[in-house]
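There's a structure below that I have some questions on.
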Amino acid sequence: MVIFSGKCYKLFQSFKLWKVVDSNLFQSSVDVVFKLWKSFFDFLWNLPCLCISIVKRFMIYLESNGIYHIYNHANGDENLFRNDENYAYFLKRYAHFIHPIAKTYAYCLMPNHFHVLVKIRSKEEIVATLPKFETLEKLTELEELTFDKFISKQFSNLFSSYTQSFNKVFKRKGSLFIKNFKRKPIKSNSYFISTLQYIHRNPVHHGFCTNIEDWNWSSYHSLISQKSTLLEKKEIMDWFGTKEYFAEAHKLPDKNYVELSRDDFY
């Protein structure tokens, strides 16, 4: 930077150049400020798109034939289930909304949260599984929404349907579930088995019971029984080999499981 001395400045004045210098400096300053403000407003204008792109990058989409651990929690200190009738009604609504769009390998319902392990059906399977009176409506939704949004909407419908009944029975208002349910993709056989074990052991983990067999609201009993079920019992037993090994595998201490991201689980 060239620093003009007082004499130099007077010399400029004597040649009447000071007006030109002051004018140029002023114009340059205005241009710089204008460019800075323009850059700032351009950044603000593009910020929403940037945020959306970042969120999309880390979003987990529910894809056809994908296997997922899905779980959700009650709002705040609320309980999702206050009595046996609540648990039974939720499973009834689950069968109505989720069975047509996903195969269920395991589930566990606890007072303030739940876990399910599912495989999302293909579009063709969904159309074939839907009740006849719903087919046209659901086909329209499948065409209008992305596949992920369609599947997510079915879970939202489940939560909404259950909440409406729950609110009516207990004379409460407002949402019951956390808005966005969580999902984790299952990418390996070992992770699949570990997640299934974790789901069935969750009541023990939270202190609701001492043994897995003591908790009535999980898929553990249905998978080892002879009764018919909507669960994918045959496929589960193919993974474990026998019912005996299935039962023994659930008795292993946590350290013998494949490491899970427990911080992400309830």
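The values are calculated or read from the model by the stated rules, or taken from the named source; none is laboratory data. As the structure is a prediction and not an experimental result, all values here were calculated from the model. Quick note on the areas: whole protein, heavy atoms, side chains included, nothing else; ligands and nucleic acids left out. Shrake-Rupley method; radii C 1.70, N 1.55, O 1.52, S 1.80 Å.
Taking all protein chains as present, what is the carbon and sulfur share of the accessible area of segment 164-249, in % to the nearest whole number, probe 1.4 Å?
The value for segment 164-249 is 51 percent carbon and sulfur by accessible area.
So what J values fall out for segment 77-83 if you push phi through Karplus, 6.51 cos²θ - 1.76 cosθ + 1.60 with θ = phi - 60°, rounded to Hz, Gly and Pro as x?
Ordered by residue, 3J(HN,Hα) equals 9, 5, 10, 6, 10, 10, 7 Hz.
Which pairs break 30 Å Cα to Cα here: LYS168/LYS243; LYS149/LYS227; LYS153/LYS251; LYS92/LYS179; LYS173/LYS234?
Table pairs above 30 Å Cα-Cα are LYS168/LYS243; LYS149/LYS227; LYS153/LYS251; LYS173/LYS234.
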